[in-house]
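The values are calculated or read from the model by the stated rules, or taken from the named source; none is laboratory data. From a predicted model like this one, the values you see are computed outputs, not experimental measurements. Note that we place each Cβ from the backbone using ideal geometry, even for glycine, and neighbour counts take in every protein chain shown.
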Amino acid sequence: MNLKKILFFNLILTSVALNLFAEDRNPNVRVIWGTTPSTSAVISVSAKNARLHFDTQQHPSYQSYSKTIQPFRTGKYRDVSSWLSVGDSGTSEASYAHFKLENLKASTPYYFVIESHSGISKNFYFVTAPEDDRPFKLIYGGDSRSD
C-alpha cells in the first residue's frame, strides 16, 4: 500500500472518529413552541443525566450562563434497536430530556448548552416570536422514518 493510500485511509478514520465524538457530545436538539411562542419554549434533547444552561448572551463556558434548569420530563426511547448509539455513549439504549423555558422575552435570542453524561454540547440558540403581528420566517422539518 503506498503512502497516499495510507494517509487517505487515516484521514477517513479520523474524520469518522471525530464525527462520532461530536455526535455524542451534541445531542439531537429540538426547540418546540406551543401557544405562547413569544414567552415560552420547550427544548427536547436526546441525552441522559442532562441539564440545560441558558441566557440571552452566548458565553465561552457553561458555568457562565445565568440560568440552569433540570428537565421536567426524562425517559428512554422505545424500540431503538436499529439506532446506533443515539445520544448515549456505547449503548443501543437512547434517552431523552425535555426542558421548559418560561417567562422569556419576545423577539429575544436565547443561547443554551446541554450538560449531560457525554459532556458539554456546542452552543445553540433560538429567537422567541415577536409579540406583534410583524412577519417572521420559520424553517421546520420532519422525519417519518422509524429507523
### Query
Yes or no: Lys67 among the basic types (Lys, Arg), under 14 Å from Val31 (Cβ atoms) and modelled with pLDDT of 95 or more?
no
### Message
Could you check the stretch 116-146 and list, in sequence order, the residues that are in contact with a Pro (Cβ under 8 Å, 6 or more places away or on another chain) and in a loop (DSSP other than H, G, I, E, B)?
### Response
Ser118, Ser121, Thr128, Ala129, Phe136
